[in-house]
Amino acid sequence: MTRSRFTVATLAVGTAGILLSACSGTSATSDTATPAASGSTLQPSIIADAKVAALLPKRFKGGINVASGVYAPMEMLDSNQEWTGFDYDLGQALGVKLGVSFNFKNQAFDSIIPSLQSGKHDIIMYGMNDTSEREKSLYFVDYFQAGMEIVVKKGNPEKISKVLDLCGKSVAVAKATTQADLMRAQEPKCEAAGKKPVTVIELPTEGDALLAVRAGKAVADVLDAAPARYNAATAGNGTVFEVVSDPAHPTGFGPVYTGIGVLRKDHDLVLALQAALNALVKDGAYKQLLDKYDLSAYGVKSAIINRGS
């Protein structure tokens with residue numbers, strides 16, 4: 001167990017669970033795993049908020065179990081195998097506002113919604129994109145907006161410059177992600193251009209997808225902009241991958257919202273999380289966390305429910 005690393009003015013936060021191994025199924029080598037976050041190591045001072053805490057349903061007063069995994073820089077493990085990353089830090093800050101512990105636990109991404117439905121976890125914080133399809137099962141408290149990027153081998157040997165350059169090529173993605181859907185949706189455009197569709201290789205984790213690119217089993221990996229740029233900058237000290245960026249879309253192509261996933265039956269919890277996030281936006285702690293992980297380009301002005309639809 002590890003203590004929250006936040007400086008708290010009026011409330012002692014509970015402990016958060018520690019992951020003892022990387023995300024299930026990941027076989028990443030040391031330079032494609034999860035190095036410590038870049039940016040400032042300073043933590044913002046989070047002030048408890050009695051009005052916000054009063055909104056938390058009584059059934060969650062014992063703590064909130066968070067389904068998560070390794071998706072740098074959103075969720076990471078440090079050298080002591082302790083949780084870190086933007087989502088983790090944001091979760092601890094939300095916990096201060098709500099007066100409860102946020103206990104992060106590892107869960108495979110493709111089974112993450114069923115884990116809520118079974119009662120194993122209460123919410124999802126795993127860099128999950130808010131989509132209309134997922135909103136059939138979940139409410140999203142959206143806290144982040146970014147597009148997607150293409151990650152290729154350093155030097156870009158296939159000369160990929162845009163999405164349609166992936167037609168007829170193998171692209172690795174993490175299983176059950178919006179990126180897999182995006183690649184399959186290119187088929188009509190590929191056909192119109194006289195090209196074969198993208199061959200989508202779905203792998204258990206994002207680490208596996210990156211390793212497939214490194215090993216030459218896939219030409220590219222398509223993932224959210226922030227993790228794409230983070231991995232390109234840190235893997236092998238920037239010598240392994242590079243990001244194919246579109247100058248017209250500085251935060252990635254096809255911008256989407258990322259949110260905290262909550263079962264639709266727990267609408268009262270959604271409202272409490274929304275109030276807590278808005279309190280962090282208002283007092284500046286949210287911006288400080290974005291700055292810590294060099295994610296300021298992807299922040300939102302307020303917490304809105306289900307922006308994805």
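The values are calculated or read from the model by the stated rules, or taken from the named source; none is laboratory data. This structure is a prediction, so every number in the text was calculated from the model and none was measured. Cβ coordinates were reconstructed from backbone atoms using ideal geometry, including for glycine residues, and neighbour counts include every protein chain displayed. Surface areas here come from the heavy atoms of the whole protein model, side chains and all, with no ligands, DNA or RNA. Shrake-Rupley method; radii C 1.70, N 1.55, O 1.52, S 1.80 Å.
Remarks
- The selection criterion, being more than 21 Å from Lys265 (Cα to Cα), modelled with pLDDT of 95 or more, open to solvent by less than 10 Å² (accessible area, probe 1.4 Å) and outside any strand (DSSP E or B), holds for Leu90.
- Test: residue in segment 249-264 that is more than 20 Å from the chain's Cα centre (by Cα), open to solvent by 50 Å² or more (accessible area, probe 1.4 Å), closer than 22 Å to Glu135 by Cβ and modelled with pLDDT of 95 or more: yes
- Some residue of segment 190-204 being within 28 Å of Asn306 (Cα to Cα) and under 15 Å from the mean Cα position of the chain (by Cα): no
- Screening Ala220, Ala192, Ala235 for residues that are open to solvent by 60 Å² or more (accessible area, probe 1.4 Å) and either in contact with a helix residue (DSSP H, G or I) (Cβ under 6 Å, 6 or more places away or on another chain) or among the hydrophobic types (A, V, I, L, M, F, W, C) (or both) leaves exactly one candidate, Ala192.
- Residue in segment 156-163 that is open to solvent by 10 Å² or more (accessible area, probe 1.4 Å), touching a residue at least 12 places away in the same chain (Cβ under 8 Å), under 23 Å from Val244 (Cα atoms) and among the hydroxyl-bearing types (Ser, Thr, Tyr) present: yes
- Subset of segment 40-83 [open to solvent by 80 Å² or more (accessible area, probe 1.4 Å) and closer than 20 Å to Gln288 by Cα]: Thr41, Leu42, Ile47
- From the options Ala276, Ala272, Ala226, residue that is under 30 Å from Ile64 (Cα atoms), buried (at least 21 other Cβ atoms within 10 Å of the Cβ), at pLDDT below 95 and hydrophobic (A, V, I, L, M, F, W, C): Ala226
- Unique residue being open to solvent by 10 Å² or more (accessible area, probe 1.4 Å), touching a helix residue (DSSP H, G or I) at 6+ places or on another chain (Cβ under 8 Å) and among the polar types (S, T, N, Q) when the list is Gln117, Gln145: Gln145
- Residues being assigned to a loop (DSSP other than H, G, I, E, B) and either in contact with a helix residue (DSSP H, G or I) (Cβ under 8 Å, 6 or more places away or on another chain) or closer than 12 Å to Val173 by Cα (or both) - total across segment 195-216: 6
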